[in-house]
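Peer 1: Sharing a structure with you now.
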Amino acid sequence: MLHEPLELEGRDIKGSGRIGASRGPANDDDAQALLENAEVALRRAKHDGEAYVRYTPSMTTEAAERLVLEGQLRQSVRDESFELYYQPIFSARSGRITAVEALLRWQHPQQGLVSAGQIVPVLESLGLIEEVGAWALRRAARDRDSWIEQGVANVRVAVNVSAAQLRRANFGEIVMDAIGKLRPQQVWLDLEVTESMLMYDVEASMQKLNQLRTHGVQFAIDDFGTGYSSLSRLANLPINTLKIDRSFVQGLLDEPRSIAIVETILSLARSLDRNTVAEGIETEHQRALLSSMGCNALQGYLRSRPVSAADCGALMLSHGSRTDGELRSGADLGMEIPAGRRRQSARSH
Ligand code: G
Ligand code: MN
């Protein structure tokens with residue numbers, strides 16, 4: 001009803017509206033309280049994109065908890081008190097660490113380390129994601145710099161980008177500002193975006209990606225297979241890597257559908273000349289299967305959970321990703337690095 005057009009001076013005027021309702025005396029018998037509750041319901045309706053939401057008392061508790069969380073997050077943005085953890089990505093063939101993915105973590109005052117999945121939506125709704133996103137790029141650049149100083153080889157670092165960041169007209173400048181000052185001659189950054197982000201405004205996205213590509217930035221599509229990429233558009237996008245979503249990897253054993261999807265993605269990647277990374281490898285069986293299917297690289301708990309920057313540096317040094325050793329198969333994972341070439345690692349535990 002709210003969405004029906006209104007006729008005004010011969011023209012159809014389209015309006016929209018949302019309703020938040022609360023009922024007395026069930027919810028409250030005080031008019032003021034009823035109105036406030038209705039407003040809580042209305043805010044929920046707007047947030048969830050619903051036309052009509054009826055108030056329930058749990059909404060007040062949730063709203064209060066959210067307010068506390070928002071305050072804490074805003075404070076953390078001011079203090080830059082977030083952390084980046086890194087999860088290695090391994091070559092399927094050699095076992096060597098080829099890249100690491102930076103993952104945002106937040107130190108919750110009571111709950112300990114909270115992961116990106118829980119805080120990114122809140123940061124997005126508060127309009128803080130761009131600031132935190134830029135911080136993550138600066139931090140990733142700095143962490144990489146210190147790994148290089150410790151003797152790690154020219155490792156690539158993948159950083160996740162959120163839709164709000166990519167939508168900005170000056171996305172390219174924001175990225176270059178954040179990373180440009182550090183070893184600008186080195187090409188090391190992969191930005192992970194999702195299918196839906198790219199399909200939102202394909203023309204604009206393409207321009208932004210191409211602009212950054214001229215500076216050596218590469219792109220990966222995260223959680224690939226879960227969105228609705230148009231194949232013809234995909235072929236035109238300057239994407240280097242498809243990251244096969246964890247859900248398909250987990251379904252490989254008992255869902256024939258997952259095998260079919262993974263095979264399709266791998267053959268698509270081959271014909272478009274893109275790299276592939278399988279996410280969420282947890283078992284040796286999954287690793288062997290994906291390697292034999294021709295997937296280029298693997299990421300997951302089987303080989304390494306996300307670890308701190310210091311631990312990640314140590315991991316790379318101990319796995320032979322060193323600048324002082326040329327790329328030899330003997331330095332691949334699983335084979336010992338000759339003791340003489342071993343360097344004191346910075347690992348703290
Ligand atoms: O959307 P994206 O692929 O960037 O998400 C990465 C998230 O997946 C991280 O929070 C990371 O902790 C989690 N993750 C990484 N490897 C595994 C894995 O092997 N199994 C599961 N269940 N989660 C993983
Ligand atoms: Mn990712």
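All of the numbers you see were taken from the coordinates with simple rules; none came from a lab. Worth saying up front: this structure is predicted, and the values here are computed from it rather than measured. Please note: Cβ atoms are built from the backbone with ideal geometry, for glycine as well, and neighbour counts cover all protein chains shown.
Peer 1: K14: which aspartates and glutamates have alpha carbons under 15 Å from its alpha carbon, excluding same-chain residues fewer than 8 sequence positions away?
Peer 2: E4
Peer 1: Here is a follow-up. Neighbour counts of other C-beta atoms within 10 Å: give me H319, H3, H108 arranged from fewest to most. All intermediate terms of the calculation are to be shown ahead of the outcome.
Peer 2: Working: H319 21, H3 9, H108 15.
Final ranking by Cβ density, sparse to dense: H3, H108, H319.
Peer 1: Still on this structure, I have one more. For a label point 7 Å from the Cα of S146 along Cα→C-beta, name the residues of the range 60-83 whose backbone N is under 15 Å from it.
Peer 2: Residues 81-83 fall inside that zone.
Peer 1: Let me ask something additional. What order do you get for Y52, Y85 when you list them from fewest to most C-beta neighbours inside 10 Å? Intermediate values should be presented prior to the final figure.
Peer 2: Working: Y52 13, Y85 20.
Listed from fewest to most nearby Cβ atoms, that is Y52, Y85.
Peer 1: Give the calculated FRET efficiency between D30 and H108 to the nearest 0.05, with a Förster radius of 35 Å applied to their Cβ-Cβ distance. Present the calculation step by step, with values, prior to reporting the outcome.
Peer 2: Working: r = 35 Å, r/R0 = 1.01.
According to the calculation, E is roughly 0.50.
Peer 1: Taking every DSSP beta bridge that has both residues in the chain, what percent is antiparallel when rounded to the nearest 5?
Peer 2: Numbers: 20 of 45 bridges.
If we restrict to bridges inside the chain, about 45 percent are antiparallel.
Peer 1: Moving on to the next point. Picking from S230, L104, M316, whose Cα lies most toward the positive end of the charge dipole for the chain (charges on Cβ: Lys, Arg +1; Asp, Glu -1)?
Peer 2: M316
Peer 1: In debye to the nearest 20, how big a dipole does the range 199-260 give about its Cα centre with +1 on each Lys and Arg Cβ and -1 on each Asp and Glu Cβ? Walk me through the intermediate numbers first.
Peer 2: On the way: 6 positive and 7 negative charges, 45 e Å.
So the magnitude is around 220 debye.
Peer 1: Another one. Could you rank the peptides 42-51, 204-213 by their average count of other C-beta atoms within 10 Å per residue, with the highest value first?
Peer 2: On the way: 42-51: 13.6, 204-213: 17.2.
Going from most to least packed, we get 204-213, 42-51.
Peer 1: At what distance in nm do the modelled label points of S81 and R233 sit from each other, each positioned 7 Å from its Cα along Cα→Cβ?
Peer 2: 4.1 nm
Peer 1: Continuing with the same structure: If each of S292 and L6 carries a label point 7 Å out from its Cα toward its Cβ, how far apart are those two points in nm?
Peer 2: The two pseudo-label positions are separated by 6.7 nm.
Peer 1: Rounding to the nearest 10 and keeping the result within 0 to 90°, find how far the Cα-based axis of helix 58-79 lies from the longest principal axis of the chain.
Peer 2: The angle comes out near 50 degrees.
Peer 1: Under the √(5λ) rule applied to the eigenvalues of the Cα gyration tensor, what semi-axes describe the equivalent ellipsoid of the chain? Give them in Å, descending. Working shown, then result.
Peer 2: Values: eigenvalues 366, 125, 89 Å².
Equivalent ellipsoid semi-axes, largest first: 43, 25, 21 Å.
Peer 1: Helix 31-48 versus the longest principal axis of the chain: what is the Cα-based angle in degrees, 0 to 90, to the nearest 10?
Peer 2: Roughly 40 degrees between the two axes.
Peer 1: Mind checking the dipole of the range 193-235: about its Cα centre, +1 per Lys or Arg Cβ, -1 per Asp or Glu Cβ, Debye to the nearest 20? Write out the running numbers ahead of the final one.
Peer 2: Details: 3 positive and 5 negative charges, 37 e Å.
In debye, rounded to 20, the range 193-235 gives about 180.
Peer 1: Of Q250, I265, G280, which is farthest towards the positive pole of the range 235-283's charge dipole, taken about the Cα centre with +1 and -1 on the beta-carbons of Lys, Arg and Asp, Glu respectively?
Peer 2: Result: I265, furthest along the dipole toward the positive end.
Peer 1: Below 8 Å between Cα atoms, with a sequence gap of 6+, how large is the relative contact order for the chain in percent? Working shown, then result.
Peer 2: Details: 526 pairs, mean separation 51.4, N = 349.
Relative contact order comes out at 15 percent.
Peer 1: For the charge dipole of the range 24-128, defined by +1 on Lys and Arg C-beta atoms and -1 on Asp and Glu C-beta atoms about the Cα centroid, which residue among A45, L128, Q72 has the Cα displaced farthest towards the positive pole?
Peer 2: Sorting the options by dipole projection puts first L128.
Peer 1: Using the Cα centre of the chain as the reference point, and only Cβ charges (+1 on K/R, -1 on D/E), how large is the resulting charge dipole? Debye, rounded to the nearest 20. Walk me through the numbers before you get to the answer.
Peer 2: On the way: 40 positive and 46 negative charges, 302 e Å.
Roughly 1440 debye for the chain.
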